[in-house]
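Notes for the one structure printed next.
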Amino acid sequence: MSLKITFLGHSGFLFSDGTHTLAVDPFLTGNPVAKHAPTDIAAQFIALSHGHQDHVGDSLEIAKSNNANVIGAFEICNYFTEQGHENVNPANPGGQVATDFGWVALTQAFHSSSFEGQYMGMPCGLMIHMAGKTVYHMGDTTIFGDMKLLGEIYSPDLTCVPIGDRFTMGPAIATRAAELVGAAKAVPIHYDTWPPIAQDPADFSPDGVEVIVMEPGGELTLD
């Protein structure tokens, strides 16, 4: 079975196995590089790494229009419930959520998490298992030694690695992070959206890892 991956720009993705679609961090409105509008997104599931506006983005609108199941930190799911969307699946780092397509596990991440001044729980990475493939979306984080352990436990096929610096890792540290995880392929994310996080993805060059630079709106298939 193939896993189709669509890059929404910044840190956002659509993952599809042909039957189910999962949106991750769908920040579209106000995203200067986005090629999609919220009304373009048809997804039964949404997973959020943390509560910042550039990751929550249009999730509430997309969730309500699709009656999508929202997977995220406990506090994020509480917020969605308060906004009138009760189809939620709360979890926390270390927890795994079974879904119709496979599962999503929340991992630790070193960052912060708030939305409109409200605490949104622990920031997370997302380990996504769909179509027999596993993708590690790091969310917003710096490097940490347990990335190696996460790679050993989950054996991801692809890692989505923030390289924008300032708020996350820059390319040099992100290179080391991808090497720790050990997935065969990596996609750089969270860069070039605005000038403060402008980076050259050629500077992200982990040994033994195929780097796939995706443009917003671009697609990738894992067979």
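The values are calculated or read from the model by the stated rules, or taken from the named source; none is laboratory data. Note that the structure is predicted; figures quoted are calculated from it, not measured. With ideal geometry, Cβ positions are generated from the backbone for all residues, glycine too; neighbour counts draw on all protein chains shown.
Residue-level check: of (1) of a type in the set (S, T, N, Q); (2) surrounded by 20 or more Cβ atoms within 10 Å (Cβ to Cβ); (3) more than 16 Å from the chain's Cα centre (by Cα), Ser113 misses just (3).
Checked against the criterion of being surrounded by fewer than 23 Cβ atoms within 10 Å (Cβ to Cβ), at pLDDT 95 or above and part of a strand (DSSP E or B), the range 7-15 contains one or more residues that satisfy it.
Tell me which residues, restricted to the range 191-223, are small (Gly, Ala, Ser) and in a loop (DSSP other than H, G, I, E, B). Listed by number, the residues that qualify are Ala198, Ser205, Gly208, Gly217, Gly218. When the range 63-90 is limited to residues that are under 21 Å from Asp40 (Cβ atoms) and polar (S, T, N, Q), the one that is nearest to the chain's Cα centre (by Cα) turns out to be Asn69. Note on the range 95-136: residues that are within 15 Å of Leu150 (Cβ to Cβ), in contact with a His (Cβ under 7 Å, 6 or more places away or on another chain) and aromatic (Phe, Trp, Tyr) amount to 1. Residues that are surrounded by fewer than 19 Cβ atoms within 10 Å (Cβ to Cβ) and either among the hydroxyl-bearing types (Ser, Thr, Tyr) or under 16 Å from the mean Cα position of the chain (by Cα) (or both) within the range 123-142 comprise just one, Thr142.
Please indicate, with yes or no, whether at least one residue in the range 20-43 is assigned to a helix (DSSP H, G or I), touching a strand residue (DSSP E or B) at 6+ places or on another chain (Cβ under 7 Å) and surrounded by fewer than 18 Cβ atoms within 10 Å (Cβ to Cβ). Among the residues of the range 20-43, not one is assigned to a helix (DSSP H, G or I), touching a strand residue (DSSP E or B) at 6+ places or on another chain (Cβ under 7 Å) and surrounded by fewer than 18 Cβ atoms within 10 Å (Cβ to Cβ), which makes the answer no.
Considering the range 173-190, the residues that are touching a residue at least 40 places away in the same chain (Cβ under 8 Å) and in a loop (DSSP other than H, G, I, E, B) include one that is surrounded by the fewest Cβ atoms within 10 Å (Cβ to Cβ), namely Ala183.
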